[in-house]
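Before any comments, here is the structure.
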Amino acid sequence: MDGWRLRSMRGVSRRANSVWPVDATGSVSLDERIDGAERWYARRGLRAAFQLSPLSRPAGLEAALEARGYLLEAPVSIQAASARVVAAEAPRVPAHVDTRLTDEWFEISARRGRFAAVSDAYRSLLDRLGAGARYAIAYLDGKPAGVGLGVVGTVLGDGCLGVFSMLTLPSGRRRGAAQAVLAALAARAVAEGIDRMYLQVERDNAPALALYARASFREAYGYHYRVHGP
């Protein structure tokens, strides 16, 4: 919509159900833009939401949303690291990476995670990743304990691996499962000739921030959401 990308996927995640205001083209006023986005989301039964970063356009968008009563939610840190450095920390528990989606992985990530209520839509999202997906799973006492999703892509023309959907079952927390998942994804990236990794973590998630800091991830920039009030 005049440089904005309006995204909707049945409420699976904030990213997939928010405006990405990456550019501003045409002569439509800012208020008209926001009105159009609100109508678009209302037709889909969703509250309008905007994913805002330092590059959001046009200027003044954040102030305009705040004036309309949009609430600030989920400040996120985008962090990056070298796959070789992440892979160098030997995991304490076994983990492996698969290029196909297995029921074992999906059971933890979807049915026992935050996507349980929208598992069908989540499955559709994963299917769309196709050959770019890397499914990592760690084991404790011979049983699945944690999972993570790697997505192969490009940033500025270079290969990279994005890390998403990290989840450790309660029985596996503080036992090295998450670190093993990260290390397995990093090792797979290195094997495929990729040395750039990135991930997204909410700023109030202290355990995850500590895990990623230990794995050598450092912040590159941040973003947050503005969500239309009830």
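Take Phe115 and decide whether it is within 21 Å of the chain's Cα centre (by Cα), modelled with pLDDT under 95 and either under 24 Å from Leu149 (Cβ atoms) or surrounded by 15 or more Cβ atoms within 10 Å (Cβ to Cβ) (or both). Explain how you work it out, then say what you get.
On the way: within 21 Å of the chain's Cα centre (by Cα): yes; modelled with pLDDT under 95: yes; either under 24 Å from Leu149 (Cβ atoms) or surrounded by 15 or more Cβ atoms within 10 Å (Cβ to Cβ) (or both): yes.
Answer is yes for this residue.
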Search result, residues across segment 67-123 that are under 17 Å from Tyr139 (Cα atoms) and aromatic (Phe, Trp, Tyr):
Trp105, Phe106
If you scan segment 1-33, which residues turn out to be among the charged types (D, E, K, R) and either within 16 Å of His224 (Cβ to Cβ) or at pLDDT 95 or above (or both)?
Arg5, Arg7, Arg14, Arg15, Asp31, Glu32, Arg33
Exactly one of Gly146, Gly153 is modelled with pLDDT of 95 or more and either among the acidic types (Asp, Glu) or in a strand (DSSP E or B) (or both), and that one is Gly146
Residues of segment 34-59 being modelled with pLDDT under 95, aliphatic (A, V, I, L, M) and under 18 Å from Gln200 (Cα atoms), in sequence order, are Leu55
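Determine, yes or no, whether Ser124 is outside any loop (DSSP other than H, G, I, E, B), touching a strand residue (DSSP E or B) at 6+ places or on another chain (Cβ under 8 Å) and either loosely packed, with under 15 Cβ neighbours inside 10 Å or polar (S, T, N, Q) (or both).
Working: outside any loop (DSSP other than H, G, I, E, B): yes; touching a strand residue (DSSP E or B) at 6+ places or on another chain (Cβ under 8 Å): no; either loosely packed, with under 15 Cβ neighbours inside 10 Å or polar (S, T, N, Q) (or both): yes.
Here the answer is no, as Ser124 does not meet what is asked.
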Search segment 126-151 for residues that are assigned by TED's automatic domain parsing to the domain that holds Phe164 and pair each with any residue that is outside any strand (DSSP E or B) and basic (Lys, Arg) when their beta-carbon atoms are under 7 Å apart and the residues are at least 6 apart or on different chains.
Arg134/Arg188; Leu140/Arg175; Gly150/Arg188
Odd one out for Ser56 among (1) within 30 Å of Met1 (Cβ to Cβ); (2) in the same structural domain as Arg196 (by TED's automatic domain parsing):
(2)
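Looking at this structure, is Val163 surrounded by 18 or more Cβ atoms within 10 Å (Cβ to Cβ) and at pLDDT 95 or above? Spell out the reasoning first.
Working: surrounded by 18 or more Cβ atoms within 10 Å (Cβ to Cβ): yes; at pLDDT 95 or above: yes.
Considered against the rule, which asks whether it is surrounded by 18 or more Cβ atoms within 10 Å (Cβ to Cβ) and at pLDDT 95 or above, Val163 comes out as yes.
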Checking the condition crowded, with 17+ Cβ neighbours inside 10 Å, basic (Lys, Arg) and outside any strand (DSSP E or B), which residue from Arg226, Arg174, Arg188 passes?
Arg188
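The values are calculated or read from the model by the stated rules, or taken from the named source; none is laboratory data. A quick note: this is a predicted structure, and the numbers were derived from the prediction, not measured. Note: ideal-geometry Cβ built from the backbone for every residue, glycine included; neighbour counts use all protein chains shown.
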